[in-house]
Amino acid sequence: MYPPHTITSGLLAGAFGVEPVEAARTIVDAEGYGAVVVIHSMSEDDVRTVMAHPSTMIGSDGIPTTGGKPHHRLYGTFPRILGHYARDEGVLTLPAAVNKMTGMPASRLGLTDRGVIRKGAKADLVTFSPERVTDPATYEDPHRYPRGIEHVVVNGRLVIQNGEHTGNLPGRVLKSAAR
């Protein structure tokens, strides 16, 4: 009928011959696990400006799904910043990018034992190749792991070793201490 990226709510409702709310319900019911919407609304120039600002922290709101196609940022946010924006484009330095992903948000949230490398802190570490880190995930093929990430340690336990998942799942929910 229409490629998924060109369907709007009005167009979808019209195609089904129903009201927009009913069209949305039909999609969610058909998927069985919910629906994810990808909206193209950001300008690349704006992204670069905001990313370079000293107060900007970097995170991802990529939503894991049990099927279907999540937004590719689920797999690619951090390697894209490190590879494309820091290494290739020079929008920010590699140390600034790492800080905006780790120490800066941890500090802002009052997580004093996260985002830093020091005695007594939780061991959350990532080793990566600055020359090779990249994000191959796309809108069309979002389930693609980043390249150039060698090891990941979460809470002192190895989760990724030589680019392969170890089966360890030591992550946990963190509560902000910031007020």
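Read-outs throughout are calculated quantities, based only on the coordinates presented, and are distinct from any laboratory measurement. Note that this is a predicted model, so its numbers are computed, not measured. Note: ideal-geometry Cβ built from the backbone for every residue, glycine included; neighbour counts use all protein chains shown.
Taken over the chain, lysine pairs spaced eight or more positions apart, or on distinct chains, with alpha carbons under 22 Å apart number 5. Between Val159 and Val152, Val153, Val154, the built amide H atoms are under 5 Å apart, and every one of these is 5 or more places off in sequence or on another chain.
So what is the orientation-averaged projected area of region 61-179, using the convex hull of its C-alpha atoms, in nm²?
Quarter of the Cα hull surface area: 8.3 nm².
Projecting the Cα atoms of Gly83, Gly14, Val159 onto the dipole axis of the chain, where Lys and Arg carry +1 and Asp and Glu carry -1 at the beta carbon, places Val159 farthest toward the positive end. Loop-located GluC sites (Glu not before Pro) in region 40-137 (DSSP state not H, G, I, E or B) with no more than 14 neighbouring Cβ atoms inside 10 Å: Glu89, Glu131. With 0.36 nm allotted per residue and the present C-alpha distance subtracted, the Glu89-Phe16 stretch has 21.9 nm of extension available. A DSSP coil position with no more than 14 other Cβ atoms inside 10 Å describes the following trypsin sites (Lys or Arg not before Pro) in region 94-151: Arg118, Lys119, Arg132, Arg144.
Suppose a student asked you for the relative contact order of the chain, using Cα pairs under 8 Å spaced at least 6 residues apart; what percent would you report?
Numbers: 243 pairs, mean separation 28.5, N = 179.
The value is 16 percent.
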